[in-house]
Amino acid sequence: MKGKLYIFALFVLAVLTGCRKQAVPDVVPLLPEGAPEMVISVKADAPEPKFTFLFWHKEDFDRGLKAEDGRLVQPYHVSEPTGNIGDYMEPDASTNEPSGEKKDYNTGRVYPDSYGIAVCTGYGPYDGVTPATRTDMPVETPDYSVLNVAEPGVGVTDVVVSQNYLEGSSIYPFDGNLEFFHPQIQLTVRATLAQTMAKHIKNVSFIVNKDNLLKSLKWSTGQSPKYLPSQERPDNDWTSTVLKENINSSDQKLIGTVYVVPDEGLTMESMDLTISGEIGNAAEGPYTPFSMTAPVAFKDDHGIDLTLELNDSYEILLIFDEDQIEITAVKVPWEEGGNVLVPIHPIPAD
C-alpha cells in the first residue's frame with residue numbers, strides 16, 4: 001500500500017497517545033425537537049488507502065466482538081468507500097468529471113436507533129484485507145474478529161489498522177480522529193559491493209521465512225482493544241524478485257521491500273535472511289550460484305542492540321566482500337506511511 005497520502009510527524013502520535021477514545025455520556029438526553037438526523041461521515045481531506053470502517057453497537061463492542069457463549073457479534077454497519085477518500089470529489093453535472101471541489105464521503109448510514117451509542121474502528125486497504133468466514137453458522141457469515149491478509153507470493157500487503165476507537169451517537173456525533181498504525185515492520189533491502197571487492201555479483205534476491213510473515217490479524221481485547229498480528233503464519237516463505245543487473249560499489253541497488261512480524265510476541269531483536277545470487281571472477285562470466293542464510297542484527301549508531309516493534313521501518317544494506325556479506329540495519333522513518341489520521345464527523349442526512 002503506497003501513495004503520497006499520509007505521512008504524519010511522530011509528534012502527532014505523541015500528542016494523541018493520551019486520548020485513546022472519545023467518551024460519550026452513559027445517559028443520553030432526548031433528541032432536541034427539530035434537530036437534523038445525522039449520518040456518519042469521513043472528511044474529504046482524509047488520506048488514502050481505501051479504508052473499511054466498522055461501526056459497532058457499544059454493548060457488542062464492549063463484549064470484545066464475541067459474546068461469552070461464542071455467538072458471533074457483527075458490526076451494525078460496514079462501510080467500504082468506492083473511491084480513494086482523499087480524492088473523493090463531487091462530479092461536474094455536465095461532464096461527469098470531478099469538479100475539483102472535494103466533498104465528504106458519506107457512509108449512508110445513520111446512527112443507531114433509540115439514540116444508542118456507536119463505536120467506530122477501521123482497517124485498510126479494503127482490497128487487501130478481508131474478514132474470516134464463520135462456517136459453523138447456517139450460512140457462511142463474515143467474522144470480523146479475524147482479518148485475513150493477502151498471501152505472500154501474490155504480494156506482501158502493507159496493512160494499517162486503527163489503534164484507537166471513537167464513540168458517538170445522534171446526540172453526541174463522532175468528532176475526532178481514528179488513528180491508524182502499521183501492525184508490521186517494514187524492511188527495505190539494498191545491496192552494494194565493498195570497495196575492495198574484485199569479483200562480480202548479479203541476480204541477487206532474498207527470502208524471508210514464513211514464521212516472520214503476517215497471515216491474519218486478530219482482535220485483541222484489553223486496555224486498548226485493537227487488531228494485532230495473530231500467531232497464524234502463511235504456508236510459504238516469501239521471495240523477493242531477482243535483481244538482474246550487476247551489483248557495484250558506486251551505489252546501493254534496491255532489491256525489495258517486505259513487511260514482517262515477530263515470530264513470537266510483538267517485538268524482536270534479530271531475524272534471518274536467506275540471500276541468493278551469482279558470483280563470477282569476470283563480468284562476462286562464468287558465474288556460480290550461491291545461497292546463504294545470515295542473521296540480521298538491528299543496532300543503533302552506537303552499536304547498541306535495538307528491539308523492533310510494530311510500526312517500525314528499517315533499511316537493510318547487504319555489502320558483498322571477497323569472502324563474506326556484511327549486513328547493516330538502520331532504523332528510518334516510513335517514507336510513505338506512518339501514522340494515519342482519519343477524521344470522522346457528522347453531516348446532516350439527506
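The values are calculated or read from the model by the stated rules, or taken from the named source; none is laboratory data. As the structure is a computational prediction, the values presented were derived from the model and not from experiment. Glycine gets a Cβ as well: all are built from the backbone with ideal geometry, and neighbour counts include every protein chain shown.
Some notes on this structure:
- Qualifying residue in segment 276-297 (condition: under 24 Å from Ala132 (Cβ atoms), of a type in the set (A, V, I, L, M), surrounded by 12 or more Cβ atoms within 10 Å (Cβ to Cβ) and in contact (Cβ under 8 Å) with a residue 12 or more places away in the chain): no
- Taking the criterion of being at pLDDT 75 or above and touching a helix residue (DSSP H, G or I) at 6+ places or on another chain (Cβ under 6 Å), the residues of segment 164-182 that qualify are Ser169, Glu179.
- Test for Asn164: is it buried (at least 19 other Cβ atoms within 10 Å of the Cβ) and under 17 Å from Gly265 (Cα atoms): no
- Search result, residues across segment 226-255 that are surrounded by 19 or more Cβ atoms within 10 Å (Cβ to Cβ) and more than 22 Å from the chain's Cα centre (by Cα): Leu243, Ile247
- Only one of the numbered conditions (1) of a type outside the set (Phe, Trp, Tyr); (2) surrounded by 20 or more Cβ atoms within 10 Å (Cβ to Cβ); (3) under 20 Å from Trp56 (Cβ atoms) is violated by Gln223, and that is (2).
- From the list Tyr126, Tyr144, the lone residue that is surrounded by 16 or more Cβ atoms within 10 Å (Cβ to Cβ) and at pLDDT below 70 is Tyr126.
- Of the strands (runs of 3 or more DSSP E) lying entirely inside segment 126-218, those containing at least 2 residues that are among the aliphatic types (A, V, I, L, M) span 129-134, 141-149, 160-162, 185-193, 200-208.
- Residue in segment 232-247 that is small (Gly, Ala, Ser), farther than 30 Å from Gln74 by Cα and in contact (Cβ under 8 Å) with a residue 12 or more places away in the chain present: yes
- If you filter segment 260-318 down to residues that are touching a Lys or Arg at 6+ places or on another chain (Cβ under 8 Å) and β-branched (Val, Ile, Thr), you find that the one that is nearest to Thr196 (Cα to Cα) is Ile279.
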